[in-house]
Amino acid sequence: MKTIHLFSVLIIFVSISAFAQNFKGIPIGTENVAIQNADFEKEVLRLVNKIRKKNHLNILIWQEDLARAARYHAQDMAKDDYMEHETYDRNDNQLVEICETFYRIEKFIRMNNLGENISAGKSTAQETVDGWMESKGHRKNILNPRFKYIGIGYYFMKGTHYQHYWVQDFGG
């Protein structure tokens, strides 16, 4: 009887810790941020692949570990109210850099070629992709023929500076 009770407590603890996200420090790569708006993420994928086809490039394939990395970063930016590629924590209302972009992504997946686009403040997928295409560096990532995979994260948080946070992580 005690073994069953202890086992039940252990299952409850594991379940709770799986849903509780710790956004302090460097991610370990097992984080799994809940999808907040799958339609927005799918629309970014559709728009990006439409652009790639128009430019005679292979379409990007959805890769779930890249999506987990992107969702993690989108939510982290919202929780600590910033927009940067590097990962930050807020301590006493000061942003402190925790880790570099590719170090964070590589916690979730290892690939030879990685890239990232971020955006904040835009409320639609179309506005976000249009903004990326108007930026030389972001456009270069979208049109990079070495990239074969993509993961997209979107997070909305009312009361933050930008409210809408978007991340694309690319791999190849």
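Kindly state which helices (runs of 4 or more DSSP H) lie completely within the stretch 30-113 and contain at least 3 residues that are over 15 Å from the mean Cα position of the chain (by Cα).
It comes to 38-54.
Can you pull out every residue in the stretch 118-147 that is in a loop (DSSP other than H, G, I, E, B), open to solvent by 70 Å² or more (accessible area, probe 1.4 Å) and of a type outside the set (Lys, Arg)?
GLU134, PRO145
With the requirement that a residue be surrounded by fewer than 24 Cβ atoms within 10 Å (Cβ to Cβ) and either closer than 21 Å to ILE61 by Cα or at pLDDT below 95 (or both), what does the stretch 148-170 give you?
LYS148, TYR149, listed by residue number.
Exactly one of these conditions fails for TYR103: (1) in contact with an Asp or Glu (Cβ under 8 Å, 6 or more places away or on another chain); (2) surrounded by fewer than 22 Cβ atoms within 10 Å (Cβ to Cβ); (3) in contact (Cβ under 8 Å) with a residue 60 or more places away in the chain; (4) not aliphatic (A, V, I, L, M). Give me its number.
(1)
Out of (1) in contact with a strand residue (DSSP E or B) (Cβ under 9 Å, 6 or more places away or on another chain); (2) under 24 Å from LEU47 (Cα atoms); (3) surrounded by fewer than 17 Cβ atoms within 10 Å (Cβ to Cβ); (4) of a type in the set (A, V, I, L, M, F, W, C), the odd one out for LEU114 is which?
Exception for LEU114: condition (3).
The values are calculated or read from the model by the stated rules, or taken from the named source; none is laboratory data. The structure presented is a predicted model; accordingly, all values stated were derived computationally and were not measured. As a convention, Cβ positions derive from the backbone with ideal geometry for all residues, glycine included, and neighbour counts pool all protein chains shown. All accessible areas refer to the heavy atoms of the entire protein, side chains included, with ligands and DNA or RNA removed. Shrake-Rupley method; radii C 1.70, N 1.55, O 1.52, S 1.80 Å.
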